Each structure stands twice: as C-alpha cells, then as structure tokens.
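The values are calculated or read from the model by the stated rules, or taken from the named source; none is laboratory data. Quantities reported herein were computed from a predicted structural model and do not represent experimental measurements. Because the Cβ atoms are built from the backbone with ideal geometry, glycine has one as well, and the counts that use them run over all protein chains shown. Just the protein is used for accessible areas: all its heavy atoms, side chains included, with ligands, DNA and RNA removed. Shrake-Rupley method; radii C 1.70, N 1.55, O 1.52, S 1.80 Å.
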Amino acid sequence: TGSYVGPSTFNQIEAGSTRQDWVVATLGAPTSKTCLEDGSEIWKWAYTKTKSGSGSVFLLYHGSDDSTSPGATFVHLKDGVVIKAWRD
C-alpha cells in the first residue's frame, strides 16, 4: 500500500537535471514534504509491502504467515531541481 516507486522509474531520476514537474508527473504527489532552512525541500513517497503466505499440514494445521515492511523513496529538491534521490 502507499506510493511504491519501482527501480526503473527511480533510476530515471538524475541529480542536477531532473526537474520538479517531471518528478510530480511521474511519481505522483508525495506522501509528505519537509522544508529545510536553506529553502530546499525533501519529498517522501512512503509505502508498506505486505507479504502473505499460508500453509497446511493434512487437516491437522492450517496457518498463515503475513509480514509487512515499510519503505520510502526520497527526493531532495532545490530551486525546482533534484539535488539527490535515495530509497530506504
């Protein structure tokens, strides 16, 4: 759930040349924005990955194994241009 940014899309982001309007058009609206003192912003796209599994042992036991892991993509922007992008 959330805003997962796939590797092929993430790899298109280039520090120093990718513009803010491309980021919004491609990644969508960020989950959150943080304004820094130098006038730059850090945008975050957060998601939660859920992995489901189940198992059974011939009518004696049936169980499930669900796990979740959070993740995020970050883009640091200054004057409408990407300074840095990273994933967590």
Strands (runs of 3 or more DSSP E) contained entirely in region 27-70, each with at least 1 residues that are within 24 Å of Glu14 (Cα to Cα) and at pLDDT 90 or above: 32-35, 41-51
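Can you pull out the residues in region 1-26 that are part of a loop (DSSP other than H, G, I, E, B), β-branched (Val, Ile, Thr) and at pLDDT 95 or above?
Taking region 1-26 as the starting set, the residues that turn out to be part of a loop (DSSP other than H, G, I, E, B) are 1, 3-6, 11-18.
From what's left, β-branched (Val, Ile, Thr): 1, 5, 13, 18.
Matches in region 1-26: Ile13, Thr18.
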Check on Ala85, open to solvent by 40 Å² or more (accessible area, probe 1.4 Å) and modelled with pLDDT of 95 or more: no
Sole residue being open to solvent by less than 50 Å² (accessible area, probe 1.4 Å), closer than 22 Å to Thr68 by Cβ and in contact with a Leu (Cβ under 8 Å, 6 or more places away or on another chain), chosen from Ser3, Ser40: Ser3
Where a residue in region 9-25 is at positive phi and its partner, wherever it lies, is surrounded by 12 or more Cβ atoms within 10 Å (Cβ to Cβ), with Cβ under 7 Å and at least six apart: Gly16/Val81
